[in-house]
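Rule-based calculations on the coordinates, nothing more; no lab input. Small disclaimer: the values here were computed from a predicted structure and weren't measured. With ideal geometry, Cβ positions are generated from the backbone for all residues, glycine too; neighbour counts draw on all protein chains shown.
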Amino acid sequence: MAYSKEIDKKWQKKWKEGNLYRFDEKKPGKKFYTLEMFSYPSGANLHLGHWFNFAPADSFARFKSMQGYNVFHPMGFDAFGLPAENYAIKTGIHPQDSTIKNIATMKKQLEEMGATYDWNYSVETCMPDYYKWTQWLFLQLYKNGLAYKKEAPVNWCSSCNTVLANEQVINGACERCKTVVEKKKLNQWFFKITNYAEELLEGLETLDWPEATKKIQTNWIGKSKGAEITFKTENKDIDIKVFTTRPDTLCGVTYVVLAPESELVEKFTKPECQKAVEEYRQRTIHLSEIERMSTERTKTGTFTGSYAINPINGVKVPIWISDYVLEGYGTGCVMAVPAHDERDFEFAKKYQLPMIQVIDNREGTAELPYVEDGILINSNQFNGLTVEEAKKAIEKELEKTNSGKETISYKLKDWLVSRQRYWGAPIPMINCPDCGLVPVPEKDLPVLLPYDVEFKPDGESPLKKCKEFMHCTCPKCGKDALREPDTLDTFVCSSWYYLRYPDAKNEKEAFNKEIVDKMLPVDVYVGGKEHAAMHLIYARFITKALRDMEYLDFDEPFQKLVHQGMILGPDGNKMSKSKGNTVAPDTYIDAYGSDVFRLYLMFGFSYTDGGPWKDEGIKAISKYVSRVENLIDKVLKTNYKETEEVGEAEKSLLYVRSNTIKCMEEDIGIFQFNTAIARSMELVNELVKYESSEKVNKKLLMETIEDYIKIMSPLAPHFTEELWEKIGKAESVHKELWPKYKEEDLHLDTIEIPVQVNGKLKAVVKVGSQTSPEDVKEIVKKNTTIAEALKDKTIKKEVYVPKKIYSIVVS
RNA sequence: GCGGAUGUGGCGGAACUGGCAGACGCGCUAGACUUAGGAUCUAGUGGGAGACCGUGGGGGUUCAAGUCCUCUCAUCCGCACCA
């Protein structure tokens, strides 16, 4: 029977019956935890992106098994989140119902892929047996001072009366009703990830992650060294603290700027400036942070009417507000040095604020704004110092008067985890009128998410309108109290799921310490690079926090990280329903079978780059698969003129066989599936050639075919299983180990050395692989083309890189 | 704006640490087989008649550059409430 979907089904059934992929921690072999980022069950079907992430990663897991590891390869569902809720608002179908249905479909499809997941180790984050422990995690963070409440702005649509996610804000307006979005402050929960800023940064060095991803995290953490400087003001009680990376320019400060939303603004605004300040603050409400950070936008701002005093020279400078200062970074106030900062320069020019140059280049010809290194001028006792010297000297001087110190600032902000949404894990906290904030006792977990809730947007957290949910008794004093109505960001659910998998059924704890210490860290984590900053940094933070609470004993959750690329639509754009350029895997699976589809995904694209979908390529793989089938059928029924000799033809076959095993081993190990499959094609080409030889060494031929089936088995699990059976094997090919190649088969008697004259390839000479450099030289010189090229020339230089190249320079 | 990438034949993509650019495949061309061919098999295939020229473009380092340095152009992705 030719390979088809039917063969997939036949083997999927047998594997399931035989429990082929059941994980058993007692199995021999070193543990190997390989993990793909779990999927979000937003639509009913697995899309191409899922396939491209999961199918090759599954092949990798299978490969690791063949190498003798005891592979742990779980899969689950990140099931809470906004899309299910929005879908419910649109269709009236409850998020729980649609999510459970989607999960069932996706699970079935994952099985059709032929993946090795053991569903006994799985999580669904929206189920109480999981989110009970998400809530437990929240409580541990709270107990350890890592969860706290503070006011923070949200995107607010006054027409829909609801909080909007950033993705629901299009060009500053609500995606539904186009109302201009404003910022509204709400009291919300935060996780103190900033406590771990330094460790999250340092830990990157120990990880086998793509360099680009490490850079993204480094920039996200955004460490910068500088100084915090205190400016006294006319208002004796209130100081302004600024953070600057350039304390050396302190004498060049001509004004200070506060973020418009800063609480200090009210304290400094003089009555005559009140109106302008209020208007300006109103305008800022509508801007996104990205807009505010843009240096292209014209700077705007307004004067508060008050003045601050420069601590280094006592100069009085005006206090302004401007949206280019962000409340969330540094102290939310900056000292402006227009002569040496481009943004300040522009701002000062626009509002005709003075500029004082305090740094000059060595020639004394610097043009403003001058942001390079240089020598201090106009800075009293600091004149003549270099920038580096001045930084230290000025910090030291400020320390004397207690008005400044060296400090480190991070861009990393605490993690806002409150969501005014329904479809999420309820935050396990209670507000008691007498006792204040009281955590739900662990024995009362989970705080169940009620099913019957009005979650259509009307200005309040949906749970707030559910009386049965909200009303409870205070665990401390027993009086009536109200629950926290917000739910947790789904990133909280996904920040610890990899810890739950190995002990997924534990009813007493989130996970058993011994088990996670044994199974973790994840050896290889595969997922999209869009998670480079958020999910991956949150998960690292949670791991470190749990380590400090002694729930586990390792520092990093994911030792190696691989990002798969993205498959684009045939038009080269990101696939989207609205563009109508989506490609549905199912039609291809039906037509060609899962393995052809898997092989095409692996062969047609670089795994880390992805690229636009092309229909033609899949036919080529289908052809390849039948070519192999035809070959094996033919070999099985042909009566060959047999030989037992190992001659030239056999040596060539042995070489290709060993080379293929070696290269595929290397390539699959580093997720280079396209080149691995290319090598497998070379072996098939060689087999076809050999099989048509006059005399055939049948034993060698069959052994090579067996090796071929084995090394293809991680990549095409159903197809190879069928072939394995065809050649008469009773057991599953997936119980086989990866074959060993023979070093001596790879040894060639003669090698080819390219010869360059003046950098240009002139000839290729054949030499014995053991030929000495002196003899190679002689052979090169005897070559007629080379001799011709060297005629009447003087040799100026000769370079021989053994076994690689021979290079001659003449004049 | 900030941050991160990418750019190689007609196409998808190879090229380890600087060492014969274009592996493998698609497509194309020719031939074989066939009642037929959008099936299969065999051979060829970067460009150019050629010396030579070729990895987005310009400069550089080197015996040798897709790979290193420098400038530049184009495209894609992320930016903290999508997951």
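Rank-order A:493-506, A:426-439, A:659-672 by packing density, defined as the average count of other C-beta atoms within 10 Å over each peptide's residues, highest first.
Averaged packing, sorted descending, gives the order A:493-506, A:659-672, A:426-439.
First obtain the Kirkwood hydrodynamic radius of the stretch A:566-642 from its Cα pairs, then insert it into the Stokes-Einstein equation at 4 °C and 1.567 mPa s, and state the resulting D in µm² per second as a whole number.
91
Run the reach check for A:Lys192 against aspartates and glutamates, Cα to Cα strictly under 14 Å, same-chain hits fewer than 8 apart removed. What comes back?
In chain and number order, the partners are A:Asp414, A:Asp548.
Per the Kirkwood formula on distinct C-alpha pairs, the Rh of chain A is how many angstrom?
Evaluated over chain A, this radius sits at 31.8 Å.
What is the mean projected area of the alpha carbon convex hull for the stretch A:670-726, to one decimal in square nanometres?
Mean shadow area of the hull around the Cα atoms is 4.2 nm².
Quick one, what does Rg over Rh come out to for the stretch A:461-617 if you take C-alpha atoms and the Kirkwood Rh? Please report the intermediate quantities before stating the final value.
Working: Rg = 22.3 Å, Rh = 19.9 Å.
Here Rg/Rh amounts to 1.12.
Among the listed pairs A:Lys143/A:Lys508; A:Lys150/A:Lys413; A:Lys10/A:Lys710, which have their C-alpha atoms separated by more than 21 angstrom in this model?
Among A:Lys143/A:Lys508; A:Lys150/A:Lys413; A:Lys10/A:Lys710, the Cα-Cα distance tops 21 Å for no pair.
Across the stretch A:591-660, how many lysine pairs, 8 or more apart or on two chains, come within less than 30 Å at their alpha-carbon atoms?
Lysine pairs satisfying the spacing and distance rule in the stretch A:591-660 number 10.
In degrees, nearest 10, range 0 to 90: what is the angle between the Cα axis of helix A:616-637 and the longest Cα principal axis of chain A?
30
Can you give the Rg/Rh ratio of the stretch A:309-367, where Rg is from the C-alpha atoms and Rh is the Kirkwood radius?
Answer for the stretch A:309-367: 1.00.
Just for the Cα atoms in the stretch A:219-361, what are the lengths along the principal axes, largest first, rounded to whole Å?
41, 37, 29
Starting from the Kirkwood Rh over alpha-carbon pairs, what translational D in µm² s⁻¹ does the stretch A:381-459 have by Stokes-Einstein at 37 °C and 0.692 mPa s? Mind dumping the intermediate values first?
Details: Rh = 18.6 Å.
The calculation lands on 176 µm²/s.
How would you rank A:7-13, A:400-406, highest first, on the average number of other Cβ atoms within 10 Å across their residues?
Going by the mean number of other Cβ atoms within 10 Å, highest first, we get A:7-13, A:400-406.
Viscosity 1.306 mPa s, temperature 10 °C: give me the Stokes-Einstein translational D for the stretch A:408-499 in µm²/s, with Rh taken as the Kirkwood radius over C-alpha pairs. Intermediate results must be reported in sequence, preceding the final value.
On the way: Rh = 14.5 Å.
The calculation lands on 109 µm²/s.
Using only the Cα atoms, what convex hull volume per residue in Å³ does the stretch A:696-788 have?
Value for the stretch A:696-788: 171 Å³ per residue.
Would you mind listing how long the stretch A:551-603 runs along its three principal axes, going by Cα atoms, in whole Å with the largest first?
48, 28, 22
Starting from a Cα-only point model with no solvent, please compute log10 I(q)/I(0) by Debye for the stretch A:1-140 at q = 0.10, 0.15, 0.17, 0.19 1/Å.
Here log10 of I(q) over I(0) equals -0.41, -0.87, -1.05, -1.21.
Taking the Cα atoms of the stretch A:631-746 alone, what are Rg (to one decimal) and Dmax (as a whole number) in Å?
Radius of gyration, then largest Cα-Cα span, for the stretch A:631-746: 13.9, 41 Å.
In the stretch A:115-150, what chymotrypsin sites (Phe, Trp or Tyr not before Pro) fall in a loop by DSSP, with at most 15 other Cβ atoms inside 10 Å?
A:Trp119
Please state, rounded to one decimal and in Å, the Kirkwood hydrodynamic radius that the stretch A:606-671 gives when every pair of distinct Cα atoms enters the mean of 1/r. Walk me through the numbers before you get to the answer.
Details: mean 1/r = 0.0644 Å⁻¹.
That comes to 15.5 Å for the stretch A:606-671.
Just the projected area, averaged over all directions, of the convex hull on the alpha carbon atoms of the stretch A:550-701: how many nm²?
One quarter of the hull surface, i.e. the mean projection, equals 14.4 nm².
List the pairs from A:Lys270/A:Lys299; A:Lys689/A:Lys729; A:Lys31/A:Lys64 whose alpha-carbon separation is above 18 Å, in the order I gave them.
A:Lys270/A:Lys299; A:Lys689/A:Lys729
Which order do the peptides A:32-41, A:604-613, A:177-186 come out in when sorted by mean C-beta neighbours inside 10 angstrom, highest first?
Working: A:32-41: 22.8, A:604-613: 17.4, A:177-186: 15.1.
Sorting A:32-41, A:604-613, A:177-186 by mean packing, highest first, produces A:32-41, A:604-613, A:177-186.
Using just the C-alpha positions of the stretch A:349-417 as equal point scatterers, what log10 of I(q)/I(0) does the Debye formula give at each q in 0.13, 0.21, 0.22, 0.27 1/Å?
For the stretch A:349-417 at q = 0.13, 0.21, 0.22, 0.27 Å⁻¹, log10 I(q)/I(0) is -0.55, -0.97, -1.00, -1.14.
Taking the alpha-carbon distance from A:Lys796 and a cut-off under 27 Å, which lysines remain once sequence neighbours fewer than 8 residues away in the same chain are dropped?
Cα-Cα hits under 27 Å: A:Lys760, A:Lys762, A:Lys766, A:Lys777, A:Lys781, A:Lys782, A:Lys804.
Past 32 Å, Cα to Cα: identify those pairs from A:Lys275/A:Lys349; A:Lys443/A:Lys467; A:Lys26/A:Lys529, in the order given. Write down the numbers at each step before the final one.
Numbers: A:Lys275/A:Lys349 23 Å; A:Lys443/A:Lys467 22 Å; A:Lys26/A:Lys529 34 Å.
Going by Cα-Cα distance, A:Lys26/A:Lys529 fall outside the 32 Å limit.
With the Cα gyration tensor of the stretch A:157-251 in hand, give its eigenvalues times 5 under a square root as the equivalent ellipsoid semi-axes, listed largest first in whole angstrom.
Working through the eigenvalues yields semi-axes of 33, 28, 14 Å.
Once fully extended, how much extra length lies between A:Lys223 and A:Lys267, figured as 0.36 nm per residue of separation less the alpha-carbon to alpha-carbon distance? Mind showing how you got there, number by number?
Details: separation 44, 0.36 × 44 = 15.84 nm, distance 3.05 nm.
Answer, rounded to one decimal: 12.8 nm.
Bin width 5 Å, origin at 0, all Cα-Cα pairs of the stretch A:740-804: what percent of pairs per bin?
Distribution as computed: 3, 15, 27, 23, 13, 8, 5, 3, 2, 1, 0 percent.
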